[in-house]
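Taking it in order: structure first as structure tokens, then the write-up.
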Amino acid sequence: MDLSGKIALVTGGGRGIGKGCALELARCGADIVVNDRPGSPDLAATASEIAALGGRCVPLEANAFSRKGCEELVEMALSEMGQIDILISNPAYGKRANYLDITPEEFDKVIDATFKAGFHMSQLIGRHMVERGGGGKIVFISSVVAEMPFARNAAYGAAKAALNHLMHFAAVELNRHRINVNAIEPGWIDTPGERATFSEAVIVEQSRKMPWGRMGTPEDIGKAAAFLASDEADYITGVVLPVDGGFRFKDFRAEEQPPELNP
């Protein structure tokens, strides 16, 4: 994919999936505005990695979990770069908790950071793209939990499901402006956040059970994002693209079924 001459804004880009997307877009030639939360311990190092690939990289701290923070981020990004051609919308906050135990405050925080933040960023960047003309690309980072009701993930799954539906509405309303709007659903991805949650033993064990024999990587998601942000995806809009190595279907394989179902 050739993204030369394009300017991409990646939120939540300090580490994990956001970083993977920012690096892959930079490898494809895009200049990058990479955002992470104020006080991020990861942003400077990530920006250096991106800049080392040869393009321009502007790191911006801003709270993308709030409307005000999104407005400040967009204002700073446009001040630095003049325009944004690609948005990778990746703000997210997850809180694993039993359905009966999660507090209203935690539920609201997940919805605000994972769903509403996606709305704020995409609306603000969408307005900019319409005003300047020439189309654009908006890619939401969703999750397979939008469709798979994993226990203890009700708030996060609901937020991602809502994000997918929001994407469809944005795609419908922005298509006349030639703005492609799509979403990626990562499966189980090997990120710093997952390694902070699960032990190395669990990561190794679960990787072996995956259809691909491994967990996904941020680079896997970045490659999908680069494709959807490229001219090669010009005729694709309103699509939810799972990038999960078959994770959604891992328990459907013949080898996972009782022997009597495998004559």
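Rule-based calculations on the coordinates, nothing more; no lab input. Everything quoted here is computed from the prediction, not taken from an experiment. Note that each Cβ is placed from the backbone with ideal geometry, even for glycine, and that neighbours are counted across all protein chains shown.
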Q. Hey, got the Cα dimensions of the chain along the principal axes, in Å, largest first?
A. 62, 41, 38
**Q.** Protection proxy ranking, peptides 114-120, 124-130, 179-185, 86-92, average beta carbon neighbours within 10 Å, highest first
**A.** 86-92, 179-185, 114-120, 124-130
(Q) Quick one: 3J(HN,Hα) in Hz for the range 124-132, Karplus 6.51/-1.76/1.60 with θ = phi - 60°, rounded, Gly and Pro as x. (A) 5, 6, x, 4, 4, 5, 5, 5, 7
Q) For Ile203 and Arg96, FRET efficiency with R0 = 22 Å and r from the beta-carbon atoms, rounded to 0.05? A) 0.85
Q) Label 7 Å along Cα→Cβ of Glu72; the range 23-41 residues with amide nitrogen under 14 Å? A) 36-40
Q: Compute the signed sum of charges (Lys and Arg +1, Asp and Glu -1) over the other residues within less than 15 Å, Cβ to Cβ, of Ala97.
A: 0
Q: Please identify, among Gly136, Gly39, Gly238, the residue showing maximal mean-square fluctuation in a Gaussian network model of the chain using a 10 angstrom Cα cutoff.
A: Gly39
Q | the range 201-221 and the range 131-168: distance between their alpha carbon centers, rounded to Å | A | 22
Q. If the chain between Val239 and Lys109 were fully stretched, how many nm would it gain, using 0.36 nm times the residue separation less the Cα-Cα distance?
A. 44.1 nm
Q) In percent, how large is the relative contact order of the range 111-258, given Cα pairs closer than 8 Å and 6 or more residues apart? A) 27
Q: Starting at the first residue of the range 180-194, write each ³J(HN,Hα) from the Karplus equation 6.51 cos²θ - 1.76 cosθ + 1.60 with θ = phi - 60°, in whole Hz, x for Gly and Pro.
A: 7, 10, 9, 9, 10, 10, x, x, 7, 10, 7, 10, x, x, 5
Q | In order through the range 87-96: 3J(HN,Hα) via Karplus (6.51 cos²θ - 1.76 cosθ + 1.60), integer Hz, x for Gly, Pro | A | 10, 9, 8, 10, x, 7, 9, x, 9, 6
Q: For His177 and Glu80, compute 0.36 nm times the residue count separating them, minus their Cα-Cα distance, and round to one decimal in nm.
A: 32.5 nm
Q. Around Trp188, which amide H atoms from residues at least 5 apart in sequence, or from another chain, sit under 5 Å from its own amide H, with H modelled in the peptide plane?
A. Gly216
Q: Report, by chain and number, residues whose modeled amide H sits under 5 Å from the one on Val58, excluding near sequence neighbours (fewer than 5 apart, same chain).
A: Ile32, Val33, Val34
Q.
Using a 7 Å offset from the Cα along the Cα-to-Cβ direction at both Asp251 and Arg132, what is the distance between the two label points in nm, to one decimal?
A. 4.6
Q.
What do you get for the angle between helix 154-174 and the principal long axis of the chain? Use alpha-carbon atoms, 0 to 90 degrees, nearest ten.
A. 40
